[in-house]
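Read the structure below first, then the notes.
Read-outs: derived from the displayed coordinates by stated rules, not from any lab. Here the structure is a predicted model, which is why all the values come from computation and not from measurement. Every residue, glycine among them, receives a Cβ derived from its backbone with ideal geometry; neighbour counts consider all protein chains shown.
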Amino acid sequence: MNILVGKKAPDFTAAAVMANGEINDSFTLHQEIEKKYAIIFFYPLDFTFVCPSELIALDNRIQEFEARNTLVMGISIDSQFTHSAWRNTPVANGGIGQVRYPLIADVNHQICQAYGVEHPTAHVALRGAFVIDKQGIVRSQIVNDLPLGRNVDELLRLIDALEFHEKHGEVCPANWTKGKTGIKPTAEGIAHYLGKEAGSL
């Protein structure tokens, strides 16, 4: 697996079904995410089992991501036409409904290979999630095996932590959530923090 944290997110141009249902034949990552935070959310296949729960969970929180100036994107190796059909299938019938973020078609597997998340034998994307900052740099990557669904609230927490660090210069301890205390990145700072907070970690 590629470790992309600290590196520029690999750019790509691919077909995508946009939030309004229209097909964009040349969705280009770095153009779309300019001056925004971004989350690239890889999943194995449309019309499967764990995947719809994850994509619906993302859609249920899309306003929270938008409030954080964050573009969410889903990517699998399915075509834009399969993505569109899945969006147009009711949730009660195993579809995902009209999700309000782009679904990108990685039919030639180049994107999942560039991000190092192609399953070695199934040749679908593992459950990879990449958090990208406003300069296009990957700041977090979380990769789960196929049976293990992800926690969408953790992605929101990571965006909050990144924004907090950029704004205040402090670092975010274990279990940090928005509104909690950060740590000044000095010996005195960690000693002060642990002296007050260690019992609540």
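Quote the relative contact order of the chain in percent (integer), defining contacts as alpha-carbon pairs under 8 Å separated by 6+ residues.
23
Evaluate E = 1/(1 + (r/R0)^6) for Leu148 and Ile56, where r is the Cβ-Cβ distance and R0 equals 22 Å; express this FRET efficiency to the nearest 0.05.
Computed FRET efficiency for Leu148 and Ile56 comes out at 0.85.
Report the gain in length on full extension from Phe81 to Ile190: 0.36 nm times residue separation, minus Cα-Cα distance, nm rounded to one decimal.
34.1 nm
Mind pulling the angle between the C-alpha long axis of helix 187-197 and the longest principal axis of the chain? Nearest 10 degrees, somewhere in 0 to 90.
Computed tilt is about 80 degrees.
List the extent of the Cα atoms of the chain along each of their three principal axes, largest first, rounded to whole Å.
Over the chain, Cα extents along the principal axes are 56, 34, 34 Å.
Hey, which of these cross-link pairs are over 32 Å Cα-Cα: Lys8/Lys184; Lys8/Lys196; Lys134/Lys180; Lys36/Lys196?
In this structure, Lys8/Lys196; Lys36/Lys196 lie more than 32 Å apart at Cα.
Can you show me the helix-derived [θ] at 222 nm for the chain, built from DSSP H runs with n ≥ 4 at -39,500 (n - 2.57) apiece and divided by the number of residues, rounded to the nearest 500.
About -8500 deg cm²/dmol.
Give the angle, between 0 and 90 degrees and rounded to the nearest 10, that separates the Cα long axis of helix 152-168 from the longest principal axis of the Cα atoms of the chain.
Result, in degrees: 50.
Any aspartates and glutamates with Cα under 15 Å of the Lys178 Cα? List them, leaving off those in the same chain fewer than 8 positions away.
Of all the aspartates and glutamates, those that pass the test against Lys178 - Cα under 15 Å, at least 8 places apart if same chain - are Glu64, Asp153, Glu154, Asp160, Glu163, Glu166, Glu170.
Take the chain, mark every one of the trypsin sites (Lys or Arg not before Pro) that falls in a DSSP loop and has at most 12 other Cβ within 10 Å, then report the longest stretch left between them, sites excluded.
With a cap of 12 other Cβ atoms within 10 Å, the longest stretch comes to 36-201.
Work through the residues other than Leu148 whose Cβ is under 14 Å from its Cβ and net out their charges, Lys, Arg +1 and Asp, Glu -1.
-1
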